[in-house]
Amino acid sequence: MIETERLIMREITEADFEAASRILGDVGVMYAWEHGFSEEEVRRWIGECIRRYKDDGFSYLAAVEKTSGEIIGFIGPLVETIEGCRHFGVAYILMKERWGMGYATEGARASLACAFERLGAERVIAVIRPENSASRGVAERLGMEIEGRFIRHYRGKEMPHLIYAISKDRFCVKA
């Protein structure tokens, strides 16, 4: 679990299916994936998060807004695999109603702190589609810089991605 000023970030469970379907099924939220997830894709995604908790010890976390008790997204440290190599990563998906309110930056900053301080990461990346200016803005506010590019093959498509990165010695936890 990770706690911030406005969020409690906890492991995702199968009981979170309804909230996950609402968020991941929204094509506007999932535009970088080029489709909203079906119920079956949401079930597989939740199962993958649970598997990652067992195999890696961490993955996306349900971001619960303290004031409402509502799951507003999924944020967390996770393992990113690029061209067969595993990297510490950070990722964030938020419901549209909370965009522009600083939640992604707040949760991602806490996830970076967790990766560096608790998980032993020396470097953390964020994998972002070039056209996703909001996600790029979050990464840049965290001090991450573009380090590379790659193509991810997804649903029969070639999807260009940027690799943002930050090292432990450059990361600053803001009070």
- Message: From the list TYR53, TYR31, TYR92, TYR60, exactly one residue is closer than 20 Å to GLY107 by Cβ and in contact with a Cys (Cβ under 6 Å, 6 or more places away or on another chain). Which is it?
- Response: TYR60
- Can you name the residue in the stretch 14-29 that is touching a residue at least 40 places away in the same chain (Cβ under 8 Å) and in a loop (DSSP other than H, G, I, E, B) and is also surrounded by the fewest Cβ atoms within 10 Å (Cβ to Cβ) among such residues? GLY28
- Query: For residues in the stretch 82-98 being more than 15 Å from the chain's Cα centre (by Cα) and of a type outside the set (D, E, K, R), which is surrounded by the most Cβ atoms within 10 Å (Cβ to Cβ)?
  - Reply: ILE82
- So which strands (runs of 3 or more DSSP E) are wholly in the stretch 99-175 and hold at least 1 residues that are modelled with pLDDT under 95 and surrounded by 13 or more Cβ atoms within 10 Å (Cβ to Cβ)? 145-154, 157-167
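Tell me which residues, restricted to the stretch 32-60, are touching a residue at least 60 places away in the same chain (Cβ under 8 Å) and assigned to a helix (DSSP H, G or I).
Within the stretch 32-60, ALA32, TRP33 meet the criteria.
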- Query: Within the stretch 71-91, is even one residue closer than 24 Å to TYR31 by Cβ, without any contact (Cβ under 8 Å) to a residue 40 or more places away in the chain and of a type in the set (Ser, Thr, Tyr)?
  - Reply: yes
- Message: Checking THR67 against (1) within 26 Å of GLY25 (Cα to Cα); (2) in contact (Cβ under 8 Å) with a residue 40 or more places away in the chain; (3) hydroxyl-bearing (Ser, Thr, Tyr); (4) surrounded by 12 or more Cβ atoms within 10 Å (Cβ to Cβ), only one condition comes out false. Which one?
- Response: (4)
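The values are calculated or read from the model by the stated rules, or taken from the named source; none is laboratory data. These figures come from a predicted structure and were not determined experimentally. Every residue, glycine among them, receives a Cβ derived from its backbone with ideal geometry; neighbour counts consider all protein chains shown.
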